[in-house]
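Have a look at the structure below before the remarks.
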Amino acid sequence: MYEISDKVSKHTNVFDVLKERGFIQQSTHEDEIRELLEKEKITFYIGFDPTADSLHVGHFMQIIIMMYMQKYGHKPIVLIGGGTGMIGDPSGRTDMRKFMNKETVVENCKKFQETFSRFINFNDRKAITENNANWLLDLNYIQFIRDIGKHFSVNRMLTAECFKQRLEAGLSFLEFNYMLMQAYDFLKLYRSYNCKMQFGGDDQWSNILAGVDLVRREEQAQVYGMTFTLLTTSEGKKMGKTQKGALWLDENKTSPYEFYQYWRNIEDADVRTCLSMLTFLPMEEVERLSSLKDAEINLAKEILAFEVTKLVHGEEEATKAQEAARALFSGEGSMEDVPKTQLPVDKFEGEGMGVVTLLALVKLVPSKSEGFRTIEQGGLSIDGEKVTDTRLMIKKDQFTDGKLLLKKGKKTFHMIEII
């Protein structure tokens with residue numbers, strides 16, 4: 001498990017650390033929260049709905065926040081949404097999520113737990129894992145509506161950003177219940193663990209406010225909420241989206257090399273944000289690296305890519321990814337860890353395989369039409385030679401020592417090996 005160095009920050013209050021590194025977006029009572037985190041070691045929670053079988057880089061930022069909080073003596077509750085995940089959060093959505101069956105949700109929850117244990121220290125109850133399926137799945141609906149629903153104004157709910165943007169497209173009553181359930185989570189965790197704070201992405205603000213209000217009404221207690229900046233590029237686009245989809249923390253869904261390359265290739269303007277939020281480098285070093293100009297900024301990107309990959313996949317995999325990248329871009333290092341696909345030699349015998357078919361097969365392009373476009377625009381080379389013919393057939397005798405290196409654009413490589 002990763003240990004945060006004592007050199008990360010000069011601050012003694014985790015609130016100041018989170019503020020300095022640019023995490024905090026909104027909070028219910030900023031001055032009170034800062035004082036609370038200074039004087040008390042609190043229990044707090046962050047919820048994660050198991051909508052996929054792996055966490056992605058957006059979740060990773062919230063894991064880092066939990067790591068900071070734990071470093072400063074506060075206790076995380078990792079709330080896995082085995083109950084809320086059966087419905088789906090409308091926040092940030094333009095359509096309703098696809099339903100998952102119970103078995104899929106349970107399996108996804110297990111995989112989430114395995115990932116969290118790599119970053120959070122659960123020994124001696126220093127952190128807690130809960131699953132809201134434990135109290136949501138067996139709720140008596142009439143009793144829930146009587147006890148909890150009475151505190152919610154429909155008029156006020158409809159002004160919430162998470163609902164407003166869905167009203168025109170259509171918002172199901174099923175999703176409308178989500179806010180009540182997330183608020184109820186906070187109430188349950190307060191009652192069971194004296195949990196005093198909920199954290200979440202900025203798209204969770206309305207749901208967090210609902211939880212704070214419910215605890216006040218039911219328990220006459222003051223609890224707090226804070227949201228964090230969503231990880232976006234300097235142009236405001238959500239970060240962590242690749243050609244293949246999300247940037248996953250599971251190496252079987254996004255390889256360590258692909259993960260490394262994503263951060264190595266970010267825009268210059270995004271270097272400071274990523275170094276600050278996704279690494280544990282001291283802020284003095286973050287400022288120094290992000291102030292580099294022109295070609296020198298590539299050093300900062302390389303350090304960023306290595307540090308984030310080391311955190312997620314370990315130092316050995318980060319080193320392999322770095323060596324593979326250097327081998328491709330500067331002729332140094334090892335080619336062993338370049339993404340590769342092994343294919344039967346008979347696919348390249350006779351007439352061989354069409355180059356566009358090959359691109360689609362190894363997922364260098366999302367579709368054959370995109371493959372045609374890539375070649376027509378001069379964006380593909382094979383073993384250093386630009387491909388100009390979209391009807392090119394790839395045959396066995398074109399492989400050198402059974403290998404063929406595809407390069408799409410300036411930065412995407414893929415090795416084909418015949419077996």
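Every read-out reported here was derived from the displayed coordinates using simple, explicitly stated rules and does not represent laboratory data. Treat the numbers as computed from the prediction; the structure is a model and nothing was measured. Neighbour counts are summed over all protein chains in view; Cβ atoms, including those assigned to glycine, are modelled from backbone coordinates with ideal geometry.
Give the percent of DSSP beta bridges with both residues in the range 10-166 that are antiparallel, rounded to the nearest 5.
On the way: 0 of 10 bridges.
The antiparallel proportion sits near 0 percent.
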Between residue 16 and residue 399, how many nm apart are label points set 7 Å from Cα along the C-beta direction?
6.1
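Compute the relative contact order of the chain as a whole-number percentage, counting only Cα pairs closer than 8 Å that sit 6 or more residues apart in sequence.
The value is 15 percent.
For a protection proxy built on the mean count of beta-carbon atoms within 10 angstrom, sort 294-306, 115-127, 207-219, 149-161 highest first, please. Mind dumping the intermediate values first?
Numbers: 294-306: 16.3, 115-127: 14.7, 207-219: 20.3, 149-161: 12.0.
Highest to lowest by the protection proxy: 207-219, 294-306, 115-127, 149-161.
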Can you list residues whose amide H is under 5 Å from residue 232's amide H, if they're 5+ apart or on another chain and H is modeled 1.01 Å from N?
239
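Can you give the FRET efficiency to the nearest 0.05 for residue 268 and residue 146, using r as the Cβ-Cβ distance and R₀ = 41 Å?
Details: r = 56 Å, r/R0 = 1.38.
Computed FRET efficiency for residue 268 and residue 146: 0.15.
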When a footprinting reagent is the concern and you count Cβ atoms within 10 Å, what order do 29, 74 take, fewest first?
29, 74
Taking the chain, the whole-percent share of alpha-carbon pairs separated by over 41 angstrom is 25
Dipole magnitude of the chain about its Cα centre, charges +1 at Lys/Arg Cβ and -1 at Asp/Glu Cβ only, in debye to the nearest 20?
740
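Per DSSP helix of 4 or more residues, -39500 (n - 2.57); summed, then divided by the residues of the chain. What does that give at 222 nm, rounded to the nearest 500?
Values: 18 runs with 179 residues, N = 419.
Roughly -12500 deg cm²/dmol at 222 nm, from the helical runs in the chain.
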Taking every DSSP beta bridge that has both residues in the chain, what percent is antiparallel when rounded to the nearest 5?
50
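For the range 143-300, what's the relative contact order in percent, using C-alpha pairs closer than 8 Å and at least 6 residues apart?
14
Taking N as the number of residues in the range 121-258, what value does Rg over Cα atoms divided by 2.2 N^0.38 Å take? Mind dumping the intermediate values first?
Numbers: Rg = 17.9 Å, N = 138, 2.2 N^0.38 = 14.3 Å.
Taking N as the residue count of the range 121-258, the ratio is 1.25.
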Ranked by how many other beta carbons lie within 10 Å on average, peptides 79-86, 196-203 from highest
79-86, 196-203
Starting from the Cα of residue 346, step 7 Å along the direction of its Cβ; do the same at residue 53; then give the gap between the two resulting points in nm.
2.9
Scoring the range 14-228 by relative contact order with C-alpha pairs under 8 Å, at least six apart, yields a percentage of 28
Neighbour cut-off at most 14 other Cβ (10 Å), DSSP loop, trypsin sites (Lys or Arg not before Pro), the range 230-288:
237, 244
Would you mind telling me which residue in 20, 168, 130 has the biggest mean-square fluctuation in a Gaussian network model of the chain, where springs connect alpha carbons within a distance under 10 angstrom?
168
With a point put 7 Å past each Cα toward its Cβ, work out how far residue 192 is from residue 154 in nm, to one decimal.
3.1
Sort 341-351, 356-366, 62-72, 400-410 by packing, meaning the average of other beta carbons within 10 Å per residue, with the highest value first.
62-72, 356-366, 400-410, 341-351
